[in-house]
Amino acid sequence: HWLNHLIPLPKHIAIEQTVTVPRAGVAVIIRDGATPLERIAAGRVAARFGVQPQTNAAPDRFQICLMVGQAASELGVPNADQAYVISPWGASQLLLTGLTDKGAFYAAITFLQLLDAAECRTCPGRAAPPPAGAVTIPIVRVFDWPDIAERGQWDGSMVDDMERLAGYKMNLYEAHAALSVTPDGRGHAVAHRDFIERGRSNAFHIVQIINHL
């Protein structure tokens, strides 16, 4: 049941147990100096619990810690800049770790998919739903990396669906630049800055295409 919600399926995953805690009893921790992408990832996780990311520890709550650079022992896999690890630390802490902020972002994406599995009301084989105001959190060990560095499409509607597709770890969009020709025959190609900014918020690489002038 849990694995059916993971797209793509991680290379290595083991769900050891689950815990049920009040939503208000969860803290999402990020480091001082976190990058914008880290903050976006932490914000998406925190929003599922109705809390805000914080930089100080919260030992009285279940802590989900988004971290960068702590998985150095896992180097040597393909596309390591996108590799990530999810692992428990003690009885009330879960670490979402990437070698870069992209890896941390993908750790958050996988964790959000697991929360979707926990909250599914119609999936066969799921456990009884938690009490009102509570959430079920899987205590999970994940080590994952992508086989293909760039995953996406050329043109099409991806820009309007970028956040959802980032949730499946797509990361490439090749978009036409805005093209024009002046009266004296000079061609101009202008990048779509809004596409680029949206891409940064979703760990996407935006390639601006200069098509047939």
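The values are calculated or read from the model by the stated rules, or taken from the named source; none is laboratory data. Values in this document were obtained by computation on a predicted structure and should not be read as measured data. Here the Cβ is made from the backbone with ideal geometry for all residues, glycine too, and neighbour counts use every protein chain on show. What goes into the accessible areas is simple: the full protein's heavy atoms, side chains included, and nothing from ligands, DNA or RNA. Shrake-Rupley method; radii C 1.70, N 1.55, O 1.52, S 1.80 Å.
Values for this structure:
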| quantity | calculated |
| --- | --- |
| Projected label distance in nm at residue 176 and residue 126, using a 7 Å step from Cα toward the beta-carbon | 4.2 |
| Stokes-Einstein D in µm²/s, Kirkwood radius over Cα pairs - region 22-112 at 25 °C with 0.890 mPa s viscosity | 190 |
| Helical segments meeting 15 Å axial Cα length and Kyte-Doolittle 0.5 threshold in the chain (DSSP H) | 101-119 |
| Solvent-accessible area, 1.4 Å probe, carbon plus sulfur percent, for region 128-175 | 54 |
| In region 98-205, chymotrypsin sites (Phe, Trp or Tyr not before Pro) in a DSSP loop with at most 13 other beta-carbon atoms within 10 Å | 168 |
| Distance from region 135-213 to region 55-69 (C-alpha centre basis), Å | 31 |
| Exposed trypsin sites (Lys or Arg not before Pro) absent - longest run of the chain, DSSP non-H/G/I/E/B, at most 10 other C-beta within 10 Å | 1-120 |
| Within region 114-172: Cβ-based charge dipole about Cα centre, in debye rounded to nearest 20 (Lys, Arg +1; Asp, Glu -1) | 400 |
| The chain: Cys lacking any partner C-beta under 4.7 angstrom | 65 |
| Separation of the residue 24 and residue 154 label points, Cα + 7 Å toward Cβ, nm | 5.5 |
| Reported label for calculated mean projected area of the Cα convex hull in nm² given [x] 14.3; [y] 15.7; [z] 30.1 | [x] |
| Dipole magnitude (debye, nearest 20) for the chain, charges at Cβ of Lys, Arg, Asp, Glu | 500 |
| Cα→Cβ-extended label distance, 7 Å offset, between residue 58 and residue 16, nm | 2.2 |
| Beta bridge orientation in the chain: antiparallel %, DSSP, nearest 5 | 55 |
| Modelled FRET efficiency - R0 45 Å, residue 9 with residue 190, Cβ distances, 0.05 increments | 0.65 |
| Heavy atoms of residue 87: accessible area, 1.4 Å probe, square angstrom to 10 | 20 |
| Leading residue at positive end of dipole, region 92-213 (Cβ point charges), from 131, 189, 113 | 131 |
